[in-house]
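Asker: The structure's right below; bear with me while I get my questions together.
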Amino acid sequence: MSFTHLQVKSGYSLMNSTITIEKLVKKASELQFDALALTDENVLYGTIPFYKACRTFGITPIIGMTVTVFNTDEENESCVLLAKNNHGYKQLVKLSTTIQTRQQKGIEKGKLKEYTEGTLCILPIHSSKLKTRITSTSYDRVKQYLDTWEAMFAPGDFYLGVEDHGEENDHAIHNATKAYCELYQTKAVAINDVCYLNENEDIAFDCLQALKHGKQWSIEHAKPTKKQHHLRSSLEMEQVFHDSWKEVVLESGNIAKKCELSFDFEKRMIPAYPVPEEVSAHAYLEKICWQNLEQRYEVVDEHVTNRLNYELEVIQSMDFSDYFLIVWDFIKYAKENNIVVGPGRGSSAGSIVAFVLGITDVDPMKHDLLFERFLNPERVTMPDIDIDFSDQRRDEVIEYVRRKYGQAHVAQIITFGTYAARSLVRELIKSLDVDQQDAYFILKEIPTQSSKTLVEHVKASEELKNYIKHSEKLKTLFQIAVVLEGLPRHISTHAAGVVISEQPLIEHVPLTVGTNETSLTQFTMTDLESIGLLKIDFLGLRNLTLLERILQSISYTEKETISLEEFPENDGETFRLLQAGLTNGIFQLESEGMKQVLTRLKPTSFDDIVAVNALYRPGPMEFISVYIDRKHQRKATTFPHPDLKSILESTFGVLIYQEQIMQIANRIAGYSYGEADILRRAVSKKQQAIMEEQKQLFIQGCLKNGYTREVSEELFAWIVKFSNYGFPKSHAVAYSKIAYQLSYLKAHYPKNFYAELLSSIVNQHDKIHVYVNEMKNLGIPIFAPNINRSYGKYAVEDNGIRMGLLAIKGIGNQVIKEIIQERKNGGPFKNLFDFCLRVSQKAINRSTIEQLIMAGAFDDTYSNRASLLASIDQAIEQGELFKEFSDQPSLFQDQLELDVNYVDIEDFSQMKKLSDEKDLLGVYISSHPLKDERVLLRKNGFVSLDQSKRLVGKKHVRGVAIVQAIKAIRTKRGDQMAFVTLGDESGEMDAVVFPDTYRTINRWLAEEVIIVFSGKIEERNGKLQWILSEVVKFNRDKLATNVQKRLFIKLTEQTKKDALSFIQGLAQEYPGNTPIIIYQEEQKRTYQLSYDYNVDPSYACLQALNKKFGRSSVVLEK
């Protein structure tokens, strides 16, 4: 192959190329290139994936960079630097790091020389001063200019880059450059500045530039400025330069031969832990482990010591002692500084070394966890201990690591935000100015969070395919989108990853700068692991912050210090809470589905929580019922083979955990646990060749242990089947521990739990509503915000919880700080006038005071909110006036007294007050809009949502509720329907509105609207829901106040016993608007029962009454 592309930009030149690495290398292979360069703009983001892809396709990778160079005359130029060898690559790493960490867009020409050793340079004429000078100034001046460039590189390593894109003056530039090169013996090479893959993708590139600058774009007015910048074939390049200068095409091949570098993907670079004594890292690790052993185990028996010795031997043989010490050290720092650390995560919880070091809080001996699931001596890979910290304090731990090992040795890890299908289409809709109706249709066909590509979406929907065909604009949009999909669009910081290195990181990886000027690696997590750097995940877990704050709250309110380690593992109160499914706010157990499972399971041990956590996933869910039935002895527990009983007995014969697969292989087929882990990986990844090899080994092991071939094959098939579902028990135990700890705190300290839970979700009104409802059901009152009692967040107060001022929409920290500080200085606020006198008007303006009043924060000082609002201006003016006097205390001492005189005005209606509360707080606090209407509603035959739960299966049940949430969807036929959440003073329920009904109401149906409805209550997936058949807006004036029907019942001596309880039960079964009049025959007394006894006098209802009291004693008056 005579030509090699030496200037190619990928999508990692953010927004300046439409090429992904995968497509680039695949295309190069199709075009039969032997070598290929990657030269992104000032960055090396794509180096490792490019290198690997090239090696896979048998192409020699050339690593380079297009560098922006600043001149003293402020005219920027670009040059292409290519690494000739590994030293040259290191120079590029340092150069890119310098440019990116200084947040410059290039480097000064005078400083470039510091980074050129081991590299060669191509100076593209089209992006340098030569473009104009070569044809318009003397060659002496050109030489003078080029000498400054050539002097920075080794002899023979400087080239002029010649391009031909069919532009008007290209040939003139070629001729002049060729003449110059022949005169001064300067080398030149053909390049093509590739920034899109195929010739017809210049349109997509042009559109990308419009997206980059936020401009409108249309195919009609498109004038691509970069034409012929595709990955031309070797033949194309030869044809372009054949007549003018064919030698420059051949020179590209010569340059390719000069460039050869390699990466060692087998290398591991774990930094040394600074041990405090003159001992080895492993000796120090052993010392700490044995010192801590007795703190972890009350009885240190032979099993414990053997396990610890074994693990330490494996760790030493794999040279991972430093790694364990590094992790131990920063977790020790976190715990000493009261930063809550998770009990463990992933397979590391299977290590006794991790347990005695305090890295995890899960005892692997107690829970039957396997070390080889974490570190397998049969398969040497980097260890991977991921650690959860309180998300509010995670950064403190990272900062500690940065200080300990040095800024140059620690960095966080880059990630790339990419153009996903839906987000890309949205961007293009805006840029191409697509009609709103078309936009709605297209986006409806591409679901949020879908993992499908655009091509897959179009292929899957004939409707979408046909829709696109009928619009040229939409055809263009999708043609462009297919090219741009998957491109990186911006960089961000990995949520958890931190890399630590023995040598300065710049020796191994290029760096850049993230948010808050944090050092970021230019390589992603996967690429860092490839080159052997140590990566540790410092994860921030919100639930650990919640645990941390609940413990602090208990310490403050109860004057009691409790430790997570002290919680009893079989606490009755905790398990009663779990059995009732009261798990709102509980990590891993909060979903509706999980609540239903818990109420069916009735967990009685920690192992039950672990099992359900592992089973509650797509796939293994189908075995939940088996587990529950066997636990409660409704079905017999069976085992595939009697010898598996000891392994599967704790899970009632259900294979749940990956560790159980390993134990079976060990017990039945004689595998070591290391070999068993290889089997587990093979069957779970469905690697056919390895699986077949493992099958033979498994059968041979079984035969050797005395099992028949038939049993051996059956057991292997059974393992393969369940391998899809197996979950790491170590992870399930660790996360179940957090769930149990939160459940314990909720059961024993519910007020502290709810106060901190609500504080953690400020402004998430949907969740606040759920939690407040649950609190009310448990009898825990919630009090409105109060200027004299509230702090920023929710707080425990007396027998309930006081809302924090932050819960009020629009109230920020500055306002809260001012209020609390003034309360400290001058005591409680007496009234609105006192408040306006004492607080700073700069911190708290009129609008803020309005919000505080409407949220009920001033109710304790004066209950008329309308009057409070009307008096604001007066209070502010008086406050400003009195402040002036208070500045001269000697003149007016003890003579100032505020004139507390509110504007006399009628207070707002209860409905208006509640509406304001809902708007500002997200929930109704002082009451509920339907509470005061309940008597009239019940008289009219409307049941509350709580009462409706006793009417499952009944039709034409009538209710009134507020629409709290609406989720509209389309059926397979394209009809709209909705899932609605309804609420009243008794609680909330879900409802379904099918298309026929929804069609008639969707124009006015909205959140916060009060509706009247009738329908049927059904149980679906263990949860009750309404199926609404009729829905209208609530109108109080239409409620009947006069009785249309009355039902008379005569009670005799024989029928009066338990009559009222019977009628009450009937009223609950047949609620309606017909009052019941009782006539007691003996006393000759007549009275009307309360509205709670009103019934619907249906045939079934009357039949029941006739049967109980006799037909002659029941009369319906119409």
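The values are calculated or read from the model by the stated rules, or taken from the named source; none is laboratory data. Computed from a predicted structure; not experimentally measured. Using ideal geometry, Cβ is built from the backbone for each residue, glycine included, and neighbour counts are taken over all protein chains shown.
Asker: Give the residues of the stretch 951-969 that are more than 26 Å from the chain's Cα centre (by Cα) and not β-branched (V, I, T), sorted by residue number. Outline the logic, then answer.
Answerer: Filtering the stretch 951-969 for residues more than 26 Å from the chain's Cα centre (by Cα) gives 951-963.
L951, G953, K954, K955, H956, R958, G959, A961, listed by residue number.
Asker: Which one of V162, V142, V80 is in the same structural domain as M237 (by TED's automatic domain parsing) and either aromatic (F, W, Y) or within 24 Å of S262 (Cα to Cα) (or both)?
Answerer: Only one candidate passes the filter, namely V80.
Asker: Next question. Search the stretch 388-415 for residues being assigned to a helix (DSSP H, G or I) and in contact with a helix residue (DSSP H, G or I) (Cβ under 7 Å, 6 or more places away or on another chain), and hand back the single one that is surrounded by the most Cβ atoms within 10 Å (Cβ to Cβ).
Answerer: Selected residue: V397.
Asker: Among the residues that make up the stretch 47-60, is at least one of them crowded, with 22+ Cβ neighbours inside 10 Å and at pLDDT below 95?
Answerer: Looking through the stretch 47-60, none of the residues is crowded, with 22+ Cβ neighbours inside 10 Å and at pLDDT below 95.
Asker: Another question about this same structure. Name the single residue, out of those in the stretch 938-961 being basic (K, R) and modelled with pLDDT under 90, that is surrounded by the fewest Cβ atoms within 10 Å (Cβ to Cβ).
Answerer: So, considering only residues that are basic (K, R) and modelled with pLDDT under 90, the one surrounded by the fewest Cβ atoms within 10 Å (Cβ to Cβ) is K955.
To keep it simple, each residue is scored yes or no on (1) over 24 Å from F623 (Cβ atoms); (2) in contact with a strand residue (DSSP E or B) (Cβ under 8 Å, 6 or more places away or on another chain); (3) surrounded by fewer than 18 Cβ atoms within 10 Å (Cβ to Cβ); (4) not assigned by TED's automatic domain parsing to the domain that holds F371.
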position: V654; (1), (2), (3), (4): no, no, no, yes
position: I668; (1), (2), (3), (4): no, no, no, yes
position: A676; (1), (2), (3), (4): no, no, no, yes
position: L679; (1), (2), (3), (4): no, no, no, yes
position: Q696; (1), (2), (3), (4): yes, no, yes, yes
position: V711; (1), (2), (3), (4): no, no, yes, yes
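Asker: List the number of the failed condition for K332; all other conditions in (1) modelled with pLDDT of 90 or more; (2) part of a loop (DSSP other than H, G, I, E, B); (3) under 29 Å from the mean Cα position of the chain (by Cα) hold.
Answerer: With (1) modelled with pLDDT of 90 or more; (2) part of a loop (DSSP other than H, G, I, E, B); (3) under 29 Å from the mean Cα position of the chain (by Cα) applied to K332, the lone miss is (2).
Asker: Okay, next question. State all residues of the stretch 877-923 that are among the hydrophobic types (A, V, I, L, M, F, W, C) and at pLDDT 85 or above; if no residue qualifies, say none. Lay out the reasoning, then the answer.
Answerer: Taking the stretch 877-923 as the starting set, the residues that turn out to be among the hydrophobic types (A, V, I, L, M, F, W, C) are 881-882, 885, 891-892, 896, 898, 900, 903, 905, 908, 911, 914, 920-921, 923.
Within the stretch 877-923, V903, I905, F908, L914, L920, L921, V923 qualify.
Asker: Now a separate question. Counting just the residues of the stretch 26-40 that are of a type in the set (A, V, I, L, M, F, W, C) and crowded, with 22+ Cβ neighbours inside 10 Å, which one comes out nearest to N16 (Cα to Cα)?
Answerer: So the residue we want is L38.
Asker: Same structure, new question: Tell me whether the stretch 35-46 contains one or more residues that are at pLDDT 95 or above, within 24 Å of K105 (Cβ to Cβ), of a type in the set (V, I, T) and not assigned by TED's automatic domain parsing to the domain that holds Y145.
Answerer: Scanning the stretch 35-46 turns up no residue that is at pLDDT 95 or above, within 24 Å of K105 (Cβ to Cβ), of a type in the set (V, I, T) and not assigned by TED's automatic domain parsing to the domain that holds Y145.
Asker: Another one. Given the condition closer than 30 Å to K967 by Cα and either free of Cβ contacts under 8 Å to residues at least 12 places away in the same chain or not in a helix (DSSP H, G or I) (or both), answer yes or no: does some residue in the stretch 1039-1049 qualify? Lay out the reasoning, then the answer.
Answerer: Of the residues in the stretch 1039-1049, the ones closer than 30 Å to K967 by Cα are 1039.
Add one more test, that the residue is either free of Cβ contacts under 8 Å to residues at least 12 places away in the same chain or not in a helix (DSSP H, G or I) (or both), and what stays is 1039.
Yes, the stretch 1039-1049 contains at least one residue that is closer than 30 Å to K967 by Cα and either free of Cβ contacts under 8 Å to residues at least 12 places away in the same chain or not in a helix (DSSP H, G or I) (or both).
Asker: May I ask you to list the residues in the stretch 473-525 that are at pLDDT below 90 and not in a strand (DSSP E or B)?
Answerer: Matches in the stretch 473-525: G514, T515, N516, E517, T518.
Asker: Let me ask another. Any chance you could count how many residues in the stretch 132-152 are out of contact with any Lys or Arg (no Cβ under 9 Å at 6 or more places or on another chain) and aromatic (F, W, Y)?
Answerer: 1
Asker: Where residues in the stretch 238-274 are touching a Ser or Thr at 6+ places or on another chain (Cβ under 8 Å) and among the aliphatic types (A, V, I, L, M), which of them is nearest to E163 (Cα to Cα)?
Answerer: Looking at the filtered set, the residue picked out is V249.
Asker: Another one. Which residue, of K746, K737, is buried (at least 17 other Cβ atoms within 10 Å of the Cβ), touching a Pro at 6+ places or on another chain (Cβ under 8 Å) and over 25 Å from D859 (Cα atoms)?
Answerer: After ruling out the rest, the residue left standing is K737.
Asker: Can you tell me which residue in the stretch 1020-1038 is surrounded by the most Cβ atoms within 10 Å (Cβ to Cβ), limited to those that are in contact (Cβ under 8 Å) with a residue 60 or more places away in the chain and of a type in the set (K, R)?
Answerer: Per the stated criteria, the residue is K1023.
Asker: Of the conditions (1) buried (at least 21 other Cβ atoms within 10 Å of the Cβ); (2) outside the structural domain of D798 (by TED's automatic domain parsing), I690 clears all except one; give me its number.
Answerer: Going through the list (1) buried (at least 21 other Cβ atoms within 10 Å of the Cβ); (2) outside the structural domain of D798 (by TED's automatic domain parsing), I690 breaks only (1).
Asker: Quick test for you: out of K105, K94, pick the one residue that is assigned to a helix (DSSP H, G or I) and surrounded by fewer than 23 Cβ atoms within 10 Å (Cβ to Cβ).
Answerer: Result of the check over K105, K94: K94.
Asker: How about the stretch 36-79: which of its residues are assigned to a loop (DSSP other than H, G, I, E, B) and in contact (Cβ under 8 Å) with a residue 24 or more places away in the chain?
Answerer: N42, V43, L44, Y45, G46, F57, G58, I59, N71, T72, E75, N76
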